[in-house]
Amino acid sequence: MLAITINPVPPALFPAPTWTPSDLSVFVDTNILLYAASGRAADAVKTARARQIVREEEAVISFQVLQEFYANATHPRKLGLTPAQAAAYCSAWLLFPVVPLGADTFVRTLEIATRYQISHWDAAIVAAAHEAGCRVLYSEDMNHGQDYGSVRLENPFHGL
């Protein structure tokens, strides 16, 4: 059995936030974390922007985002990180406020998916952002500028 240790990455890379979610908090989708962890030259501009977000903004995530990050980060055709490398990033991401996914989030997910005709998984991200009180959701996977009730989607790479 493979044992993976979750150890924090060096604070200089991703300093630990010292806040709880507020009106200034932004929810970040999996793709933002993947770009922040990317070392590929082709991703350099997006990597710089993603790292700026996780370092300077009040980022909030959900357990869904963490699970998606780990699965994609270790995929050989995506980031191709080792399990230990991906776990180290997850340690850093766990320092951010993490929205638990419970029954209320599930019900809200179903409502959002139906109302806005988006996938279940995208709706779960929007629902978690709403639960955290975030007014902005950063993602490149949905429509830039779309309002989902109290949450507005922004593609932080739009125009780069």
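The values are calculated or read from the model by the stated rules, or taken from the named source; none is laboratory data. From a predicted model like this one, the values you see are computed outputs, not experimental measurements. Glycine gets a Cβ as well: all are built from the backbone with ideal geometry, and neighbour counts include every protein chain shown.
Within the range 133-152, work out how many residues are at negative phi and more than 13 Å from the chain's Cα centre (by Cα).
Counting residues in the range 133-152 that are at negative phi and more than 13 Å from the chain's Cα centre (by Cα) gives 10.
Hey, any hits in the range 51-59 for a residue that's in contact with a strand residue (DSSP E or B) (Cβ under 8 Å, 6 or more places away or on another chain), among the acidic types (D, E) and free of Cβ contacts under 8 Å to residues at least 40 places away in the same chain? Checked against the condition, which is being in contact with a strand residue (DSSP E or B) (Cβ under 8 Å, 6 or more places away or on another chain), among the acidic types (D, E) and free of Cβ contacts under 8 Å to residues at least 40 places away in the same chain, the range 51-59 yields at least one hit. Checking each residue in the range 115-149 for being touching a Phe, Trp or Tyr at 6+ places or on another chain (Cβ under 7 Å) and in a loop (DSSP other than H, G, I, E, B) picks out A132, C134, E140. Just so you know, in the range 150-160 the residues that are in a loop (DSSP other than H, G, I, E, B) and touching a residue at least 24 places away in the same chain (Cβ under 8 Å) include one that is farthest from W121 (Cα to Cα), and it is L160. Taken over the range 106-141, residues that are buried (at least 17 other Cβ atoms within 10 Å of the Cβ), touching a helix residue (DSSP H, G or I) at 6+ places or on another chain (Cβ under 6 Å) and either basic (K, R) or without any contact (Cβ under 8 Å) to a residue 40 or more places away in the chain (or both) amount to 8. Residue-level check: of (1) touching a helix residue (DSSP H, G or I) at 6+ places or on another chain (Cβ under 7 Å); (2) farther than 18 Å from Q67 by Cα, A103 misses just (1).
Here's the yes/no breakdown for (1) more than 23 Å from S25 (Cβ to Cβ); (2) in a helix (DSSP H, G or I); (3) touching a residue at least 60 places away in the same chain (Cβ under 8 Å):
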residue	(1), (2), (3)
N72	yes, yes, no
H75	yes, no, no
L79	yes, no, no
S91	no, yes, yes
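Y148 meets each of the listed conditions (1) aromatic (F, W, Y); (2) closer than 17 Å to L33 by Cβ; (3) surrounded by 17 or more Cβ atoms within 10 Å (Cβ to Cβ) apart from (2). F157: at pLDDT 95 or above, surrounded by fewer than 20 Cβ atoms within 10 Å (Cβ to Cβ) and either touching an Asp or Glu at 6+ places or on another chain (Cβ under 9 Å) or not aliphatic (A, V, I, L, M) (or both), yes or no? So F157 fits the description; yes. As a summary of the residue check, L95 satisfies the conditions (1) part of a helix (DSSP H, G or I); (2) closer than 17 Å to I32 by Cβ except for the one numbered (1).
A132 satisfies every condition listed in (1) touching a Pro at 6+ places or on another chain (Cβ under 7 Å); (2) at pLDDT 95 or above except (2).
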